[in-house]
Amino acid sequence: MRKIIFVITVFIGAFAFLGCSNDDKVKESSKDSSVARDVAVPVNVAVIKKQSFDHTFRFQGVVKASKNIVVSCSSTGVVHFKREIGQSVKKGEVIVSMSSLELRDRLDQAKIQLDKSNLSYMNSLLGRVHQLKDSVKLDKGLRGYLELQSGLTESKREYASLLRQFKSLQICASFDGQITEVLVSDMQKCRTGTELFRYVPQKDYQVSFKILESDLQSIHLNDTIEVDLIASNQKVYGKVKQISPQVDGYGFIHVVGTLTPKSSTVLMDGMHATISVKHTMKDQVVVPKEVVLRRSGKRIVFVKHGKEAAWKYVHIKGENDHAICIEKGLKAGDSLIVSNYVNLAHHSDIVLDHIIEL
């Protein structure tokens, strides 16, 4: 019986010792937690002042040549290309020459007929004057009648028409450009109207893009546009040239801008680009882009309230590469926390380190 009482006494003592030890640990843990909560986070603060804001609108678009010319045969013949795809051509330079034996023969026959008609006309004149030089004294109407009677008028017209066709066998560039597509094979016989090649200007390009109907008030004729060429990472600047007066079935409006590239900029028909249009808005609440955080799917910033941080929900009016314009949630005079804000919580203790200017 004494042994049983002794064992029970030992167990009770052990549990009492463990309980005291746990109480001490809980007290130490509570003390450490209290100390952690009491540690104030040093922060920099900027007093918000209204300022101008450059609002940037971005759209996706395509670079297009201002002209995209398809050249066709004006007569039947065998084509021979003087230039290849991708090569540059100067205005007046021969791109395609054509050979046509049929047209050559017709031109030769027309020249013979012209000479015969001219001889017949001169014979008619000599029947009325002693020397050809005296024919200028004849009545103009009479000379016209003799030309018509001798067949000279018709022969001149036929020869001139065939000569124009023969000269058109050489197709020349009408502007400085670049050949983008050849539609027939070299030395191929083509009929009149057959499409031969396509070419575009070297530097005369524009950009085409679409904006939402809701963005119509944000873009105007002659606005400056910044065009980022996606493939080459080059920038080109230009102006808004056309804004369509029609909204398509998807709620988009077509916009065209002219481009003024540098001499070193490579532009190609069909290049994809990002178009930026900037507008300056005055007297706005503007904050650095990085201080606007997302919490629970909403945008927030932290401001200084006494010795604590407080978060504020904000509504965004616009943004650019560096800043965000606040429509609602902040006002001029608020003390915006601009450092050590990532790990802050609502009512976190803070201590002011520096006041800075935005």
Practice prompt. Scan the stretch 206-214 and give yes if some residue there is exposed (fewer than 14 other Cβ atoms within 10 Å of the Cβ), over 30 Å from ILE95 (Cβ atoms) and of a type outside the set (S, T, N, Q), otherwise no.
Written response: yes
Worksheet entry | Among (1) assigned to a strand (DSSP E or B); (2) at pLDDT 85 or above, the one test that SER97 misses | (2)
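Give the residue, chosen from LYS262, LYS312, that is of a type in the set (Lys, Arg) and in a strand (DSSP E or B). Before you say what the answer is, go through the steps one by one.
Values: LYS262 fails: in a strand (DSSP E or B).
Residue meeting the stated conditions: LYS312.
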Worksheet item: Of (1) modelled with pLDDT under 90; (2) among the polar types (S, T, N, Q); (3) more than 20 Å from the chain's Cα centre (by Cα), SER232 satisfies all except one. Which?
Response: (3)
Item to complete: Could you list all residues from the stretch 265-292 that are exposed (fewer than 15 other Cβ atoms within 10 Å of the Cβ), in a strand (DSSP E or B) and hydrophobic (A, V, I, L, M, F, W, C)?
Response: MET281
Item to complete: Tally the residues that are out of contact with any Gly (no Cβ under 9 Å at 6 or more places or on another chain), closer than 29 Å to GLN234 by Cα and hydroxyl-bearing (Ser, Thr, Tyr), restricting the search to the stretch 246-304.
Response: 5
Discussion item. Take the conditions more than 55 Å from the chain's Cα centre (by Cα) and modelled with pLDDT of 85 or more and apply them to LYS116. Does it pass?
Written reply: yes
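Condition check ((1) of a type in the set (Phe, Trp, Tyr); (2) out of contact with any helix residue (DSSP H, G or I) (no Cβ under 6 Å at 6 or more places or on another chain); (3) modelled with pLDDT of 80 or more; (4) within 30 Å of TYR199 (Cα to Cα)) across all residues:
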residue	(1), (2), (3), (4)
THR153	no, no, yes, no
GLU158	no, no, yes, no
PHE166	yes, no, no, yes
CYS172	no, yes, yes, yes
THR180	no, yes, yes, yes
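Restricting attention to the stretch 259-267, does a residue exist that is closer than 22 Å to HIS55 by Cα, free of Cβ contacts under 8 Å to residues at least 60 places away in the same chain and out of contact with any strand residue (DSSP E or B) (no Cβ under 7 Å at 6 or more places or on another chain)?
Within the stretch 259-267, the first condition is being closer than 22 Å to HIS55 by Cα, and the residues that meet it are 259.
Now narrow it down to the ones that are free of Cβ contacts under 8 Å to residues at least 60 places away in the same chain: none.
No, there is no match, as no residue in the stretch 259-267 is closer than 22 Å to HIS55 by Cα, free of Cβ contacts under 8 Å to residues at least 60 places away in the same chain and out of contact with any strand residue (DSSP E or B) (no Cβ under 7 Å at 6 or more places or on another chain).
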Discussion item. Against the conditions (1) modelled with pLDDT under 90; (2) part of a loop (DSSP other than H, G, I, E, B), where does VAL79 fall short? Just the number, please.
Written reply: (2)
Fill in: Residue, modelled with the lowest pLDDT, within the stretch 139-151, restricted to residues that are surrounded by 14 or more Cβ atoms within 10 Å (Cβ to Cβ) and of a type outside the set (Ser, Thr, Tyr)
ARG143
Discussion item. Pairs needed: first member in the stretch 334-358, without any contact (Cβ under 8 Å) to a residue 12 or more places away in the chain and closer than 11 Å to ALA40 by Cα; second member anywhere, of a type outside the set (Asp, Glu) and in a loop (DSSP other than H, G, I, E, B); C-beta distance under 6 Å; at least 6 residues apart or different chains.
Written reply: none
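The values are calculated or read from the model by the stated rules, or taken from the named source; none is laboratory data. Everything quoted here is computed from the prediction, not taken from an experiment. Counting neighbours? That spans all protein chains shown, and the Cβs are built from the backbone with ideal geometry, glycine included.
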